[in-house]
Amino acid sequence: VTSCPICGSPGKFEYQNSLTPLFRCRECDHVYARELPNDKALSSLYGDFSYWEKDRCHQGITSIQENKGWETYLNARMGILERFQLLECRSRRARSVFEIGCAEGMLLHGLGKRGIVASGCEMNRAVAQEGMRQLGIQILTDPFEKLELPHNHFDLVMSFHTLEHMRFPVEIFAKAAQILRPDGAIL
């Protein structure tokens, strides 16, 4: 990758993670890896429970059990969805939502409690399996790019703090558009 995968502008060196130098686009501020990590490298970065612990700790969340920290987390996410009227369904069928990078699935669980048919994927199998065990939900554990999902099926495809970790964001948006109903939305 010699230029920003979002807008095509040149980047400047930002910092080095354990696998590759990271660059920040001079135009849109997107941070990207100049050398794209392969599946093995991604699994080593996101393949165990420690990444989840670091990510959730600053939010006051230390376990996959409903508590005050999760309430704050869910209220913020649901507030965004409600503000943009993304949970309303004008037809008689249940609203269908897919989350890319759903981690432990707490948002899917919360949506399910509201009668929304929610599914998602998470490539960190350790986190997804623990979420499935504790929350009683299903999470697909392959990367979104490799999933076979029905076209024109979902009312909403959403992703929070995930796209910046993916190698080919333009392809992700194209696939998300394929699985959306014609009047669907991407968040």
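The values are calculated or read from the model by the stated rules, or taken from the named source; none is laboratory data. These numbers come from a predicted model, not from an experiment. As a convention, Cβ positions derive from the backbone with ideal geometry for all residues, glycine included, and neighbour counts pool all protein chains shown. The accessibility values were calculated without ligands, DNA or RNA, using every heavy atom of the protein model including side chains. Shrake-Rupley method; radii C 1.70, N 1.55, O 1.52, S 1.80 Å.
Quick notes on this one:
- Within the chain: Cβ-based charge dipole about Cα centre, in debye rounded to nearest 20 (Lys, Arg +1; Asp, Glu -1): 360
- Net charge of neighbours whose Cβ lies under 10 Å from the Cβ of Arg167, counting Lys and Arg as +1 and Asp and Glu as -1: -3
- Subtracting the Cα-Cα distance of Cys28 and Thr141 from 0.36 nm times their residue separation leaves 37.6 nm of extension gain.
- Restricting the chymotrypsin sites (Phe, Trp or Tyr not before Pro) of the stretch 152-182 to loop positions (DSSP other than H, G, I, E, B) with no more than 16 neighbouring Cβ atoms within 10 Å leaves Phe160.
- For the stretch 58-162, applying the loop criterion from DSSP together with a ceiling of 12 other beta carbons within 10 Å to the trypsin sites (Lys or Arg not before Pro) yields Arg90, Arg92, Arg93, Arg114.
- Here Leu45 and Asp183 are evaluated by their C-beta separation; at R0 = 30 Å the FRET efficiency comes out at 0.25.
- Over the chain, DSSP H runs of length four or greater, each weighted -39,500 (n - 2.57), average out per residue to a 222 nm ellipticity of -10000 deg cm²/dmol.
- Length, then width, then depth: along the principal axes, the Cα atoms of the stretch 99-187 run 33, 30, 22 Å.
- Interatomic Cα distance distribution for the stretch 1-83, bins of 5 angstrom, percent: 3, 13, 14, 13, 14, 16, 17, 8, 1
- The stretch between Ile6 and Lys113, if pulled fully straight at 0.36 nm per residue, gains 35.0 nm over its current Cα-Cα span.
- For Gly8, net neighbour charge (Lys/Arg +1, Asp/Glu -1) across residues whose Cβ lies under 12 Å away: 0
- The amide H of Leu180, built 1.01 Å from its N in the peptide plane, has Asn152, His153, Phe154 as neighbours under 5 Å, considering only residues 5 or more places off or on other chains.
- Taking 15 Å as the cut-off, the amide N atoms of the stretch 161-187 that come nearer than this to a point 7 Å along the Cα-to-beta-carbon line of Asn152 belong to 177-184.
- Loop-located GluC sites (Glu not before Pro) across the stretch 87-187 with a Cβ neighbour count of 14 or fewer within 10 Å are Glu88, Glu148, with loop assigned by DSSP.
- Overall, the stretch 82-160 carries a charge dipole of about 400 debye about its Cα centre when +1 sits on the Cβ of Lys and Arg and -1 on the Cβ of Asp and Glu, all other atoms neutral.
- Contact order normalised by residue count of the stretch 82-173, Cα under 8 Å, 6+ apart, percent: 31
- For the chain, the relative contact order comes to 17 percent (Cα pairs under 8 Å, sequence separation of at least 6).
- Solvent-accessible surface (1.4 angstrom probe) belonging to Thr72, in square angstrom, nearest 10: 90
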